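This report concerns only the one structure given below.
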Amino acid sequence: MAAMIRASFGKGSALLTNNAALLSSRLQPVVVTQLSHTSTRSQTGDIAYKEMEEFWEKNRRLNRPLSPHLRIYNPELTSMLSLCHRATGIAMAVTVPFVAATLLGLPGDFSSYIEYIKDLHLNPAILTAAKYVLAFPICYHYINGIRHLAWDWAIGFDLKTTYQSGYFVMALALLVTAGFVHLL
Amino acid sequence: MATIGLLRACRGKGCLFVKNSMFQQTLPTSLQNSLVTKHFSLTSVASSNAVVEFFRARNFRAKRGPFRPEEKRGDHKMMASTHWKIERVLAVSMLGVMPACLFVQGPIMDTLLSITVLLHGFWGVDGVLTDYLEKFVPWIHYPWYLLTIAGLAGLIYFNYNDVGVCEAIKMVWKL
């Protein structure tokens, strides 16, 4: 049917009449409903998707409640570390372009802004805390990123190794962050 | 003709904002969409108006799944697995770049850092948007694309006309 629509745009109605002629000449009793370009396997996929769509339409129409997920599961090391990975990633990925674009628009060069912060004469504790906030996401995301890449090569997937590597990653990330803040 | 598309888009719940047709870059190969995406059409499908068919084939209503692979893929032609592999290649390269920037600084390292961090961040957040936000706000990829481009512009300007990211991080750390 879609092929017929395309035909009416392109080469005129020659294809349309050809199909009609074929159908009438073969005297097919069954109405052809499938699209001519899909194979049988993807037609089954289309039917499956259609059924899933109808199921979800019914769900919406009856306003069926969603079963609880975030409210009922205990926070586990695996899920919390994964959340932390995503949160640090999003935080950094949003901050970097935002700050860069803002600096593009703001007057003065970078040194003037450093001078401005120096002239505020902030408590060194505040500056140290700020350095922790800046250093932890990159350290944690990097070290947990190694863990993620190992999983992508199907290494260390069993639960025991996952938990051990999880504790190791969090400890190492905190250590390296402290090292960056106090030693560099 | 554009109003027809707008009227179609405003129908039904689940669609917060209208998908702006001016952003649709490619012409539809999707006139061969299967019947499942057309079940909200009230008029007959075999209309002879090309512009109306353009909007109808696009199906402006925000969907909440199930998504077929062709719908997820959108208009680009690269296999999802290939994109995934390129993401991993970039991530593995960053495993080397990040420690290297502690020892070697300079304009080359500035450029390398800017490009890898922005690209990795762009693909990462793009994945998060596809996972959670796309079903509610289908046009969410466009503002993120714009922000990344603006960020790239800002970083290129910063590396060329200002101190550069490596030097900037050193200056911040000396505070």
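The values are calculated or read from the model by the stated rules, or taken from the named source; none is laboratory data. Quick caveat, the model's predicted, so the values are computed rather than measured. So basically every Cβ, Gly included, is an ideal-geometry build from the backbone, and we count neighbours across all protein chains shown.
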Self-check item: Residues located in the stretch A:134-155, provided they are more than 10 Å from chain B (Cβ to nearest Cβ) and farther than 13 Å from A:Val176 by Cα
Solution: A:Arg147, A:Ala150, A:Trp151, A:Ala154, A:Ile155
Quiz prompt | Tally of residues being more than 10 Å from chain B (Cβ to nearest Cβ), free of Cβ contacts under 8 Å to residues at least 24 places away in the same chain and among the hydroxyl-bearing types (Ser, Thr, Tyr) across the stretch A:81-133 | solution = 3
Self-check item: helices (runs of 4 or more DSSP H) fully within the stretch A:99-184 counting 3 or more residues that are over 23 Å from B:Val165 (Cβ atoms) and among the aliphatic types (A, V, I, L, M)
Solution: A:124-152, A:159-183
Quiz prompt | Where B:Arg68 falls short, out of the listed (1) closer than 29 Å to A:Glu53 by Cα; (2) crowded, with 17+ Cβ neighbours inside 10 Å; (3) more than 11 Å from chain A (Cβ to nearest Cβ) | solution = (3)
Quiz item: Could you say which residue among B:Thr116, B:Thr111, B:Thr82 is without any contact (Cβ under 8 Å) to a residue 40 or more places away in the chain, surrounded by 14 or more Cβ atoms within 10 Å (Cβ to Cβ) and among the hydroxyl-bearing types (Ser, Thr, Tyr)?
Solution: B:Thr116
Quiz item: Among the residues of the stretch B:105-123, is any within 23 Å of A:Leu106 (Cβ to Cβ) and of a type in the set (D, E, K, R)?
Solution: yes
Quiz item: So which residues in the stretch B:86-109 are over 25 Å from the mean Cα position of the chain (by Cα) and not aliphatic (A, V, I, L, M), if there are any at all?
Solution: B:Gly96, B:Pro99, B:Cys101, B:Phe103, B:Gln105, B:Gly106, B:Pro107
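Condition check ((1) among the polar types (S, T, N, Q); (2) closer than 20 Å to B:Val97 by Cα) across all residues:
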{"residue": "A:Ser82", "(1), (2)": "yes, no"}
{"residue": "A:His85", "(1), (2)": "no, yes"}
{"residue": "A:Leu103", "(1), (2)": "no, no"}
{"residue": "A:Leu106", "(1), (2)": "no, no"}
{"residue": "A:Phe110", "(1), (2)": "no, no"}
{"residue": "A:Ile126", "(1), (2)": "no, no"}
{"residue": "A:Trp151", "(1), (2)": "no, no"}
Self-check item: Among the candidates B:Leu133, B:Leu146, residue that is more than 8 Å from chain A (Cβ to nearest Cβ), surrounded by fewer than 18 Cβ atoms within 10 Å (Cβ to Cβ) and modelled with pLDDT under 95
Solution: B:Leu133
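Could you tell me whether A:Asp158 is loosely packed, with under 12 Cβ neighbours inside 10 Å and within 13 Å of chain B (Cβ to nearest Cβ)?
Spelling it out, it is not the case that A:Asp158 is loosely packed, with under 12 Cβ neighbours inside 10 Å and within 13 Å of chain B (Cβ to nearest Cβ).
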Quiz prompt | In the stretch B:149-175, the residues that are away from every other protein chain (no Cβ under 11 Å) and either in contact (Cβ under 8 Å) with a residue 12 or more places away in the chain or surrounded by 16 or more Cβ atoms within 10 Å (Cβ to Cβ) (or both) | solution = B:Cys166
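From A:Leu62, A:Leu77, grab the single residue that is surrounded by fewer than 16 Cβ atoms within 10 Å (Cβ to Cβ), away from chain B (no Cβ under 13 Å), aliphatic (A, V, I, L, M) and in contact (Cβ under 8 Å) with a residue 60 or more places away in the chain.
Values: A:Leu62 fails: in contact (Cβ under 8 Å) with a residue 60 or more places away in the chain.
Only one candidate qualifies: A:Leu77.
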